[in-house]
Amino acid sequence: MHSVVCLKQVPDVTEVKIDPETNTLVRVGVPSITNPYDVNALEEALRLKDKFGGKVTVITMGPQMAEEILNKAVGMGADEGILLSDRSFAGADTLATSYVLSMAIKKISEKEKVDLVFCGKQAIDGDTAQVGPGIAARLNYPLLTYINSIEDCNTENGSVKVKRKVKSGYEITETKMPAVITANRDINQVRYESLPDLIKAARYKAIVWGKNDLNLEEKRLGLSGSPTMVRDIFAPEEKHGGEKIYFDENKADETIDYLINKLVPSVIIPN
Ligand SMILES: Cc1cc2nc3c(=O)[nH]c(=O)nc-3n(C[C@H](O)[C@H](O)[C@H](O)COP(=O)(O)OP(=O)(O)OC[C@H]3O[C@@H](n4cnc5c(N)ncnc54)[C@H](O)[C@@H]3O)c2cc1C
């Protein structure tokens, strides 16, 4: 069983502040962490390795400092870490990010068959939940999103059965591997690192792949490959309390008019 887990380095949002002048994130001094959903995705991949044997490869696209999260993943038990880093990747939106990640997974699978690709349900900074589906679409792998548990994984016939969260409850779905899974946080409880893995992590040097290692099309990278335009970023206004309207039977019409005006201020109520 070979799983590839996509890890994203994100700012620790519990520490993030918004600059009220510019309405942008104040990143200075904000610690970086592994996107929490991705840690659960990694845990799930490690559990499959514990059960079936095999390998877990972790990948991240980001600047050199993103290597940190690969080392942490090795400390949890991942076997190999690949950092996708190149100046031309900077400014990538979800389209360009999923292009680079999918090309890296393609390269990995040419060397060693990949059974499952794991992503988090979403990143806590960008929050789009588009990268996992983007990878699946590009690799033409079946996509299983919002996964709460892997019910069964059959290495004989190459199928995986999962429980996924849907609006009305849960759904059990089965598909062929290789597939892309995006993990919810309640999929598992993350393990504590073992001492041997921590020692391995301390000495580990991730593999680094840039544009030329992946045979990428320049125009699909970074800013030039990113059609998304950020028009505005702002912190939503804090809402304070509410207004209680008491119903007085003697003033029913008046109260209803008042309420309708509150809810739909533009409506003119005929007399
Ligand atoms: C015009 C534009 C410019 C941008 N420039 C930058 C920039 O310079 N630097 C920057 O950091 N962001 C930049 N962004 C943000 C960037 O688009 C997103 O951070 C990135 O594409 C991932 O989207 P997301 O955060 O919504 O991830 P989601 O789709 O919510 O993530 C889902 C899952 O995909 C995987 N994943 C996502 N991103 C990565 C990654 N990089 N490596 C490995 N796995 C990943 C993880 O498993 C994650 O849980 C820019 C966005 C736009 C629109």
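Give the angle, between 0 and 90 degrees and rounded to the nearest 10, that separates the Cα long axis of helix 252-263 from the longest principal axis of the Cα atoms of the chain.
It works out to around 40 degrees.
Arrange the following residues from fewest to most other Cβ atoms within 10 Å of their Cβ: Phe247, Phe52.
Placing the least packed residue first, the sequence is Phe247, Phe52.
Can you list the residues of the stretch 185-216 with backbone N under 20 Å from a point 7 Å past the Cα of Asp50, pointing along Cα to Cβ?
Counting backbone N atoms under 20 Å from the label point, the list is 185-201.
Return the ratio Rg/(2.2 N^0.38 Å) for the chain, where Rg is computed over Cα atoms only. Working shown, then result.
Values: Rg = 23.4 Å, N = 271, 2.2 N^0.38 = 18.5 Å.
After normalising by residue count via 2.2 N^0.38 Å, the value is 1.27.
For Tyr246 and Lys262 in one chain, what is 0.36 nm times their gap in residues minus the Cα-Cα distance, to one decimal in nm?
4.4 nm
Taking the Cα centre of the stretch 2-225 as the origin, how large is its charge dipole in debye, to the nearest 20, when only Lys and Arg (+1) and Asp and Glu (-1) carry charge on their Cβ atoms?
For this selection, approximately 340 debye.
Compare the peptides 167-174, 43-50, 139-146 by average per-residue count of other Cβ atoms within 10 angstrom and give them in order, highest first. Could you put the intermediate results ahead of the total?
Numbers: 167-174: 10.5, 43-50: 20.4, 139-146: 18.8.
Top of the packing list down: 43-50, 139-146, 167-174.
When the chain is fully extended, how far beyond the present Cα-Cα distance does Ile18 get from Asp253, taking 0.36 nm per residue of separation? Working shown, then result.
Values: separation 235, 0.36 × 235 = 84.60 nm, distance 4.46 nm.
Length gained between Ile18 and Asp253: 80.1 nm.
Could you order peptides 110-117, 237-244 by the average number of other Cβ atoms within 10 Å of their residues, highest first?
110-117, 237-244
Sorting Cys119, Cys153 on the 10 Å Cβ count, fewest up front, what's the list?
Cys153, Cys119
Using R₀ = 25 Å, calculate the FRET efficiency as 1/(1 + (r/R₀)^6) where r is the Cβ-Cβ separation of Lys161 and Tyr192; round to 0.05.
Values: r = 28 Å, r/R0 = 1.14.
FRET efficiency, Lys161 to Tyr192: 0.30.
Using the Karplus curve 6.51 cos²θ - 1.76 cosθ + 1.60 with θ = phi - 60°, what ³J(HN,Hα) values do you get for each residue of the stretch 73-79, in whole Hz, with x for Gly and Pro?
Using θ = phi - 60°, the values come out as 5, 5, x, 8, x, 5, 8 Hz.
Would any residue of the stretch 222-263 have its amide N under 12 Å from a label point 7 Å out along Cα→Cβ of Val26? List them or say none.
Label zone hits: none.
What residues of the stretch 25-69 lie in the reach of a label at Thr228, counting those whose backbone N is under 18 Å from a point 7 Å from the Cα along Cα→Cβ?
Zone members listed by number: 25-26, 35-38, 60-63.
Just to be sure I understand: with springs between alpha-carbon atoms less than 10 Å apart, which residue in Val162, Val230, Val28 has the highest mean-square fluctuation in the Gaussian network model of the chain?
The residue that fluctuates most here is Val230.
Please give the contour-minus-distance gain from Asp213 to Arg87: 0.36 nm per residue of separation, less the Cα-Cα distance, rounded to one decimal in nm.
Working: separation 126, 0.36 × 126 = 45.36 nm, distance 1.35 nm.
Working it through step by step, the gained length comes to 44.0 nm.
Taking neighbour Cβ counts within 10 Å as the exposure measure, how do Leu101, Leu214 sort from fewest upward?
Leu214, Leu101
How high is the relative contact order of the chain, in percent, counting Cα pairs under 8 Å that sit 6 or more residues apart?
Dividing the mean separation by the residue count of the chain yields 23 percent.
Each reported figure results from applying straightforward, stated rules to the coordinates on display, with no laboratory input. Predicted model only: the values in this text are computed from it and were never measured. Backbone-built Cβ (ideal geometry, glycine too); neighbour counts: all protein chains shown.
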